[in-house]
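**Student:** Let me begin by handing over the structure; questions about it come next.
The values are calculated or read from the model by the stated rules, or taken from the named source; none is laboratory data. Every value quoted in this text rests on a predicted model; they were computed, and no experiment measured them. Cβ coordinates were reconstructed from backbone atoms using ideal geometry, including for glycine residues, and neighbour counts include every protein chain displayed. Accessible surface is based on the protein model in full, side chains and every heavy atom, while ligands, DNA and RNA are left aside. Shrake-Rupley method; radii C 1.70, N 1.55, O 1.52, S 1.80 Å.
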Amino acid sequence: LMLCALILPAIAMEWTSEFPGVVHLQWPVFIWLSLTTLPFYAALYHSFKLLSYIDSGTAFSELSVEALRTIKSCPGSLGLVYAVGLPLLYGVADVTDAPGILAIGIIITFAAFSIAVFAALLERLLGDAVKLKNEHDLTV
């Protein structure tokens, strides 16, 4: 959160002073970057909750599956925010003559969607393991 409050505005001010042609994109880029931190912090919080479930011995429970379900949606929404913001990055890359910015945005988008797919796989596997554990507990 400190990143959003202190560092991003400073970066935005320095960026516009260095590239005066992108002054009109200062606030859209700042708001877009601030929006990308929300799914990240949500995934971080739910990852911590999942680790606490594992630490307390309740790794194979519905609480863990629910935490993974939330973690699964966070990278997907982060990838969606980046995919929506790619035209904004194209404008910045065009004005600043830095095509690497667009490449980084595309890489982050695909990485976020890959992480979402992996989390969905883990959620499915953990859900099946919880069902098997519950069936096993009922038979014993």
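**Student:** Measure off, as a whole percent, the carbon and sulfur share of the 1.4 Å-probe accessible area of region 17-140, all protein chains present.
**Tutor:** 73 percent
**Student:** Go ahead and run the numbers for FRET between E135 and I104, Cβ-Cβ distance against an R0 of 41 Å, rounding to 0.05.
**Tutor:** Plugging the Cβ-Cβ distance into 1/(1 + (r/R0)^6) gives 0.30.
**Student:** Given Cα pairs under 8 Å that are at least 6 residues apart, what percent is the relative contact order of region 13-138? Don't skip to the end; give the middle numbers.
**Tutor:** On the way: 111 pairs, mean separation 36.1, N = 126.
Relative contact order, region 13-138: 29 percent.
**Student:** State the label only: which of (1) 71, 26, 17; (2) 48, 34, 25; (3) 92, 30, 21 corresponds to Cα extents along the principal axes in Å computed from the shown model?
**Tutor:** (1)
**Student:** Hey, can you find the accessible area per residue of the chain for me, probe 1.4 Å, expressed in square angstrom?
**Tutor:** With all protein chains present, the chain gives 63 Å² per residue.
**Student:** Right, here's the next one. Which of rounded, prolate or oblate describes region 5-68 when judged by the alpha-carbon gyration tensor and an a/c cut-off of 1.5?
**Tutor:** prolate
**Student:** Within the chain, which complete DSSP H helices have Cα atoms spanning at least 30 Å along the helix axis and a mean Kyte-Doolittle hydropathy of -1.0 or higher?
**Tutor:** What comes out of the filter, once short or polar helices are dropped, is 26-55, 62-96, 99-139.
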